[in-house]
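Laboratory data are not the source of any read-out in this text; all were calculated from the coordinates shown. Computed from a prediction, not measured in an experiment: that's the story for all the values here. Note: ideal-geometry Cβ built from the backbone for every residue, glycine included; neighbour counts use all protein chains shown.
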Amino acid sequence: MARDLLGKILVYEGPRGRRAARIVEAEAYLGQRDPASHAYRGMTPRTVPMFGPAGFSYIYLSHGLYPCMNVVCEGPGVAAAVLLRGAEPLDGIADDPRRLAGPGLLCLAMGITTAQTSMDLVRSELTIRDAPAVPARAVSRGPRIGLSPGATFAELWRFWVTGSPGVSRR
């Protein structure tokens with residue numbers, strides 16, 4: 001799912017108007033099977049959205065300050081999500097893609113907050129819209145970024161559009 005989200009269009013019809021961006025970086029979190037996932041220790045009031053259904057948002061605050069958006073990607077009762085890490089501006093956002101290079105910056109630029117958690121990403125004001133697929137030759141893959149000590153770093157669960165200025169820095 002993380003790879004499949006590359007190139008899709010994230011749209012938020014919020015109080016500050018329409019904002020849209022092309023997703024250029026995403027990384028997978030495998031719920032209760034993944035020590036780096038918020039759902040690793042089971043369902044809590046905070047992680048309920050990660051347990052499905054698929055196609056909904058899970059937004060949390062990183063360090064208590066920066067909203068970070070995930071796309072839930074498993075059915076009810078099974079936790080898994082993809083963190084949106086970077087995007088390129090399309091509509092309603094300043095033209096500098098570096099303003100969307102990182103999960104917190106992406107949400108801040110889009111106007112997304114924790115109030116948008118548990119939203120249907122097909123039928124709400126926060127949507128992910130289809131767009132042409134990014135060709136395989138234009139996609140890079142590597143380990144996830146910013147994990148806690150002791151987390152598994154070997155898996156290549158982070159995907160990004162090679163050369164995009166909207167990709168976060170390591």
**Report entry** In nm, spacing of pseudo-spin labels at residue 1 and residue 120 (7 Å Cα→C-beta vector)
**Finding:** 1.7
Query raised in the report: Which ³J(HN,Hα) values in Hz, rounded to whole numbers, follow from the phi angles of region 113-118 under the Karplus curve 6.51 cos²θ - 1.76 cosθ + 1.60, where θ = phi - 60° and Gly and Pro get x?
Result: 10, 5, 5, 9, 6, 6
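Which order do 27, 13 fall in if you start with the one that has the fewest other Cβ atoms within 10 Å?
Working: 27 27, 13 15.
If I rank by nearby Cβ atoms, fewest first, I get 13, 27.
222 nm [θ] for the chain, helices only, -39500 (n - 2.57) per DSSP H run of 4+, per residue, to 500? Provide the component values of the computation, followed by the final result.
Numbers: 2 runs with 12 residues, N = 170.
Calculated mean residue ellipticity at 222 nm is -1500 deg cm²/dmol.
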Report summary line: Put in order of increasing Cβ neighbours within 10 Å, starting from the fewest, 121, 108 give 108, 121
Requested in this report: Return 95, 34 ranked ascending by Cβ neighbour count within 10 Å, so the fewest neighbours appear first.
Outcome: 95, 34
Query - Dimensions in Å of the chain - Rg and Dmax from alpha carbons - result: 14.7, 41
